[in-house]
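The values are calculated or read from the model by the stated rules, or taken from the named source; none is laboratory data. These figures come from a predicted structure and were not determined experimentally. Here the Cβ is made from the backbone with ideal geometry for all residues, glycine too, and neighbour counts use every protein chain on show. Note: areas computed on protein heavy atoms with side chains; ligands, DNA, RNA excluded. Shrake-Rupley method; radii C 1.70, N 1.55, O 1.52, S 1.80 Å.
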Amino acid sequence: MAFHITKAVIPAAGLGTRFLPATKAMPKEMLPVVDKPAIQYVVEEAVAAGLTDVLMITGRNKTALENHFDRIGELEATLLQKGDIERLRKVNYSTDLAEVHYLRQGDPLGLGHAVLRAKMHVGDEPFAVLLGDDIIDERDVLLSRMIEEQASRNATIVALLEVDPKLTHLYGIATVEATDDDDVVRITGLVEKPSTEEAPSNYAIIGRYVLRPEIFDILEHTPPGKGGEIQLTDALQTLAANPDIAGGVYGVVFRGRRYDTGDRLDYIKAIVQLAVDRDDLGPDLRPWLKTFAEGLD
Ligand code: UTP
């Protein structure tokens, strides 16, 4: 029987070393993308897909995350006093977005370990995992499509993006077989961050997953892998190799806009791309960008 998914787990406990020193005292998920922290886009996406119960796995410097989704009485009072209702609305919006719970990861032993920490909260039901530094453009559909596939196949669903073969060493890469659905493939194997030569394809896993609760038992028995971390990809590989455990693994191929805000270059591109499309910033930014680009070699 298909289960109605309501829970989202958002791991946000990574060290964010690529962004040091900005992430010395602040999680990378709090870096602003235009005028919202990256994590707010991710929570908004979860809510838009019908997920109302959000569990954030946090690390050191978690206070900024908690404050962002909480009431700040002093700030609200000042905005109200000034009659700045528009900004007050924006401040309250992030507070009222969803029911957000927090859990410390403890030691950052890897993404698989962060997901395993959600076991008690999730219980025995399928759930979504959204990486807190990965933004999917709200104009493109992904998570609700994945939830739909999870319900119909009763399997594990990951999001796949076709990447430049030169970049396979940055992702978990899948061996795939076609299905009857144009945007869905069956995954028969997964390997974490292979070289171009070793990569079985250019289908890369991006930061959205709809998992079955069996993943927790698998993660408990998954030894540290690449980089000495407990890798979610390794646990998914176990499920892909043993489809009898939990119905196998399928990939929804995403062809929309995705921004990896944990990477400095992608982060800058994300801000520019999102800002040029905004009504309040685009009309001024676009002509400036054109002139700026003309001045480049
Ligand atoms: P990354 O691979 O981007 O690692 O994690 P990182 O440590 O955050 O960043 P860099 O590479 O040092 O710059 C992918 C996702 O998994 C989470 C991160 O917060 C990010 O959303 N993560 C990673 C955890 O929650 N815990 C971990 O132990 C590792």
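Per-structure values
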{"quantity": "Mean Cβ count within 10 Å, highest first, over the residues of peptides 221-230, 141-150", "calculated": "141-150, 221-230"}
{"quantity": "From the C-alpha gyration tensor of the chain, square roots of 5λ in Å", "calculated": "32, 24, 19"}
{"quantity": "Check: the chain dipole with +1 on Lys, Arg Cβ and -1 on Asp, Glu Cβ, in debye", "calculated": "740 debye"}
{"quantity": "Per-residue ³J(HN,Hα) for the range 88-97, Karplus 6.51 cos²θ - 1.76 cosθ + 1.60, θ = phi - 60°, Hz, x for Gly and Pro", "calculated": "4, 4, 5, 5, 5, 4, 5, 6, 8, 4"}
{"quantity": "Farthest toward positive dipole pole in the chain [+1 Lys/Arg, -1 Asp/Glu at C-beta], among T233, F216, L281", "calculated": "L281"}
{"quantity": "Protection proxy ranking of 169-175, 49-55 - average other beta-carbon atoms within 10 Å, highest first", "calculated": "169-175, 49-55"}
{"quantity": "The range 100-229, dipole about Cα centre (Lys/Arg Cβ +1, Asp/Glu Cβ -1), debye to the nearest 20", "calculated": "440 debye"}
{"quantity": "Helix-only [θ]222 nm of the chain, DSSP H runs n ≥ 4, -39500 (n - 2.57) each, per residue, nearest 500", "calculated": "-10000 deg cm²/dmol"}
{"quantity": "Square roots of five times the Cα gyration tensor eigenvalues for the range 18-110, Å", "calculated": "25, 17, 13"}
{"quantity": "³J(HN,Hα), Karplus 6.51/-1.76/1.60, whole Hz, each residue of the range 31-40, x for Gly, Pro", "calculated": "5, x, 10, 6, 10, 10, x, 3, 4, 5"}
{"quantity": "Listed pairs K28/K90; K90/K269; K7/K90; K24/K226; K7/K193; K28/K82 exceeding 30 Å between Cα atoms", "calculated": "K28/K82"}
{"quantity": "Percent carbon-and-sulfur accessible area, the range 18-78, ignoring ligands, DNA and RNA, probe 1.4 Å", "calculated": "57 percent"}
{"quantity": "Rounded to the nearest 20 debye, dipole of the range 165-297 from Cβ charges on Lys, Arg, Asp, Glu", "calculated": "340 debye"}
{"quantity": "Computed E for L167/D35 - FRET, C-beta separation, R0 22 angstrom, nearest 0.05", "calculated": "0.15"}
{"quantity": "Accessible-area composition of the range 160-289, carbon plus sulfur, in percent [1.4 Å probe]", "calculated": "51 percent"}
{"quantity": "Most fluctuating residue given options Q231, Q81, Q273, as computed from a GNM of the chain linking Cα atoms under 10 Å", "calculated": "Q81"}
{"quantity": "Solvent-accessible area per residue for the chain (1.4 angstrom probe, square angstrom)", "calculated": "50 Å²"}
{"quantity": "Tilt relative to the chain, helix 73-82 - C-alpha long axis, 0 to 90 degrees, to 10", "calculated": "40 degrees"}
{"quantity": "Highest to lowest packing among 186-193, 156-163, scored as the average C-beta count within 10 Å", "calculated": "156-163, 186-193"}
{"quantity": "For T188, distant residues with modelled amide H under 5 Å away", "calculated": "T175, V176, E177"}
{"quantity": "Cα-projected label distance for R264 with L289, points at 7 Å along beta-carbon direction, nm", "calculated": "2.1 nm"}
{"quantity": "Cβ-defined net charge surrounding H113, 9 Å radius [Lys, Arg +1; Asp, Glu -1]", "calculated": "-1"}
{"quantity": "Cα coordinate range in the range 157-230, projected on the principal axes (Å, largest first)", "calculated": "33, 29, 19"}
